[in-house]
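**Student:** Dropping the structure in here first, questions after.
The values are calculated or read from the model by the stated rules, or taken from the named source; none is laboratory data. Since we're looking at a predicted model, the values are computed, not measured. Using ideal geometry, Cβ is built from the backbone for each residue, glycine included, and neighbour counts are taken over all protein chains shown.
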Amino acid sequence: MTRAKPELAELLRHDDPRELPAYTIADASHFLNIPATTIRAWVKGQEYALSGDRKRRFRRVIELPQRNSNLLSFYNLAEAHVLRFLRDYHGISLPAVRAALDYVRNEFGWKRPLIQQQFRTDGAALFVERLGKLVEASAGGQQVMRKILEDHLDRIEWEHSLAARLYPFTRQSVADAPRTVMIDPRFAFGRPVLISSRVATAVVADRYKAGESIDSLASDYGCPRLEIEEGIRCELRLQSAA
């Protein structure tokens with residue numbers, strides 16, 4: 001008997017480890033290499049000044065699993081990872097992002113468009129087109145945005161149409177960042193791990209800081225030297241792990 005596919009509403013529940021609040025803003029900043037102030041603005045909103053003494057607050061663009069908590073879920077990490085492309089394509093405001101996301105949600109009825117697999121095939125082009133109109137980007141500018149967005153979506157693997165694991169960028173340059181580190185809620189309590197051995201990058205970095213060489217660590221874990229280097233970069237953000 002063939003088992004029916006789970007409905008999206010069934011997957012988006014708190015006994016799904018991907019939906020559990022597990023990461024601080026500092027964790028998200030560290031794992032994704034995004035400034036904590038940026039993460040905070042995305043998940044908590046941001047106040048900005050108008051003329052005179054008047055102020056206004058942006059609404060959040062990422063919905064946390066618990067409104068009375070600052071903790072992010074794995075799904076939130078994946079959403080922040082995708083939104084990171086807006087930092088690579090400068091000058092896009094939170095209201096413009098929110099408006100483009102709302103447009104895609106209304107068109108397709110999606111709850112979390114950025115981490116749904118259909119977004120990649122059906123929604124990304126629409127999102128970029130709407131965003132480009134809101135920020136008055138040329139056709140060429142929209143093509144650049146689409147390419148950067150696709151680079152970020154390529155770092156996500158999907159199960160049942162939702163983000164299941166994430167390969168964060170371990171280098172500043174997106175083009176040069178290999179897929180050697182993985183975040184998956186099923187391993188190491190959702191902390192980054194090396195893809196071949198599933199050992200936490202924090203363990204690798206601690207051994208490296210204690211004086212063990214990269215070659216000896218690669219031998220111990222039976223993985224390529226590059227994987228050890230990227231695990232250390234993920235934890236220490238070194239320019240060179242050699």
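**Student:** Can you find a residue in segment 115-125 that is within 17 Å of residue 77 (Cβ to Cβ), in contact with a helix residue (DSSP H, G or I) (Cβ under 8 Å, 6 or more places away or on another chain) and β-branched (Val, Ile, Thr)?
**Tutor:** Among the residues of segment 115-125, at least one is within 17 Å of residue 77 (Cβ to Cβ), in contact with a helix residue (DSSP H, G or I) (Cβ under 8 Å, 6 or more places away or on another chain) and β-branched (Val, Ile, Thr), which makes the answer yes.
**Student:** To continue, here is another question. For segment 162-173, name all the residues that are more than 12 Å from the chain's Cα centre (by Cα), in a loop (DSSP other than H, G, I, E, B) and crowded, with 16+ Cβ neighbours inside 10 Å. Please lay out each step first, then the result.
**Tutor:** Going residue by residue through segment 162-173, those that are more than 12 Å from the chain's Cα centre (by Cα) are 162, 170-173.
Checking which are in a loop (DSSP other than H, G, I, E, B) leaves us with 170-173.
Residue satisfying the conditions is 170 alone.
**Student:** Specify the residue that is nearest to residue 24 (Cα to Cα); the eligible residues are those in segment 174-184 that are crowded, with 21+ Cβ neighbours inside 10 Å and in contact with a Phe, Trp or Tyr (Cβ under 7 Å, 6 or more places away or on another chain). Working first, answer last.
**Tutor:** So the first thing to find is which residues in segment 174-184 are crowded, with 21+ Cβ neighbours inside 10 Å, and the list is 180-181, 183.
From the residues that got through so far, the ones that are in contact with a Phe, Trp or Tyr (Cβ under 7 Å, 6 or more places away or on another chain) too are 181, 183.
Numbers: 181: 19, 183: 15 Å.
This residue is 183.
**Student:** Filter segment 132-161 down to the residues that are part of a loop (DSSP other than H, G, I, E, B) and of a type in the set (Asp, Glu), then identify the one that is surrounded by the fewest Cβ atoms within 10 Å (Cβ to Cβ). Full working, then the answer.
**Tutor:** Taking segment 132-161 first, the residues part of a loop (DSSP other than H, G, I, E, B) are 135-138, 154-155, 160-161.
Narrowing the set further to residues that are of a type in the set (Asp, Glu) leaves 136, 154.
Values: 136: 7, 154: 12.
My answer is 136.
**Student:** Among the residues of segment 7-34, which ones are acidic (Asp, Glu) and either outside any loop (DSSP other than H, G, I, E, B) or at pLDDT below 85 (or both)? Write out each step before concluding.
**Tutor:** Of segment 7-34, the ones acidic (Asp, Glu) are 7, 10, 15-16, 19, 27.
Of everything in segment 7-34, those that are acidic (Asp, Glu) and either outside any loop (DSSP other than H, G, I, E, B) or at pLDDT below 85 (or both) turn out to be 7, 10, 15, 27.
**Student:** Shifting gears a bit: Return yes when residue 212 is in contact (Cβ under 8 Å) with a residue 40 or more places away in the chain and over 16 Å from residue 28 (Cα atoms) and no when it is not. Spell out how you get there, then give the answer.
**Tutor:** On the way: in contact (Cβ under 8 Å) with a residue 40 or more places away in the chain: no; over 16 Å from residue 28 (Cα atoms): yes.
When the stated conditions are applied, residue 212 does not pass them.
**Student:** Residues 236, 149, 166: which one is on the phi < 0 side of the Ramachandran plot, in contact (Cβ under 8 Å) with a residue 12 or more places away in the chain and in contact with a His (Cβ under 7 Å, 6 or more places away or on another chain)? Give the derivation first.
**Tutor:** Values: 236 fails: in contact with a His (Cβ under 7 Å, 6 or more places away or on another chain); 149 fails: in contact with a His (Cβ under 7 Å, 6 or more places away or on another chain).
When all the criteria are applied, what remains is 166.
Yes or no, residue by residue, for (1) modelled with pLDDT under 95; (2) outside any loop (DSSP other than H, G, I, E, B):
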{"residue": "197", "(1), (2)": "yes, no"}
{"residue": "204", "(1), (2)": "no, yes"}
{"residue": "207", "(1), (2)": "no, yes"}
{"residue": "215", "(1), (2)": "no, yes"}
{"residue": "220", "(1), (2)": "no, yes"}
{"residue": "223", "(1), (2)": "yes, no"}
{"residue": "230", "(1), (2)": "yes, yes"}
{"residue": "235", "(1), (2)": "yes, yes"}
{"residue": "242", "(1), (2)": "yes, no"}
